[in-house]
1. Over the chain, how many pairs of lysines fall under 19 Å by alpha carbon, counting only those 8 or more apart in sequence or from different chains?
2. Taking all protein chains as present, what is the carbon and sulfur share of the accessible area of the chain, in % to the nearest whole number, probe 1.4 Å?
3. At R0 = 25 Å, how high is the FRET efficiency between Arg67 and Ser108 if r is their beta carbon distance? Nearest 0.05 is fine.
4. For the chain, what is the charge dipole size about the Cα centre, in debye to the nearest 20, if Lys and Arg each add +1 at the Cβ and Asp and Glu each add -1 at the Cβ?
5. Report the local net charge at Val2: Lys and Arg +1, Asp and Glu -1, summed over other residues whose C-beta lies under 11 Å from its C-beta.
6. How much length is gained on full extension from Asn74 to Ser122, taking 0.36 nm per residue of separation minus their Cα-Cα distance?
7. log10 I(q)/I(0), Debye, Cα-only the stretch 1-81, no solvent, q = 0.12, 0.27 Å⁻¹?
8. Using the heavy atoms of the protein chains alone and a 1.4 angstrom probe, what is the accessible area of the chain per residue in square angstrom?
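The values are calculated or read from the model by the stated rules, or taken from the named source; none is laboratory data. In this text the structure is predicted, and so the values were computed from the model without any measurement. Note that each Cβ is placed from the backbone with ideal geometry, even for glycine, and that neighbours are counted across all protein chains shown. These accessible areas exclude ligands, DNA and RNA; they are computed on the full protein's heavy atoms, side chains included. Shrake-Rupley method; radii C 1.70, N 1.55, O 1.52, S 1.80 Å.
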Amino acid sequence: QVQLVESGGGLVQAVGSLRLSCAPSRRTFSKYAMGWFRQAPGKEREFVAAKVWSGGNTYYADSVKGRFTISRDNAKNTVDLQMNSLKSEDTAIYYCAANLGGNIWLASEYTYWGQGTQVTVSS
């Protein structure tokens, strides 16, 4: 079992920035990709970004492309989500998740999930 812990959420004004981090409880575990999802009130959980661990390909939802960047920090053993030019519609709970081998775009293909961190963007 692997626990994922997110940090870095908070309240920010529109066009501002935030950086989320996700730390796994085990430094090494076999995984295909790490991803970030979000869920706004009354909406389904949606894909935000993912990074294939071996090879490093990254994938983004169209709504965040060009504004968000997913990266890995080997020294800190985290996967981070840098969010720039934030909009009110980015307000949601953000979840980190680990994919052990499946479609990276689908939440159902992720095995381990964090508890989530709230991001609120005020207009």
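1. On the way: Lys31/Lys51; Lys31/Lys76; Lys43/Lys87; Lys51/Lys65; Lys51/Lys76; Lys65/Lys87.
Value for the chain: 6.
2. Working: 2970 of 6360 Å².
Of all accessible area on the chain, carbon and sulfur atoms account for 47 percent.
3. Details: r = 26 Å, r/R0 = 1.03.
It comes out at approximately 0.45.
4. Numbers: 13 positive and 9 negative charges, 61 e Å.
Taking the Cα centre of the chain as origin, the dipole is about 300 debye.
5. Numbers: positive: Arg26, Arg27, Lys31; negative: none.
With Lys, Arg at +1 and Asp, Glu at -1, the net is +3.
6. Going from the current span to full extension adds 14.0 nm.
7. -0.37, -1.55
8. Working: 6360 Å² over 123 residues.
Accessible area per residue: 52 Å².
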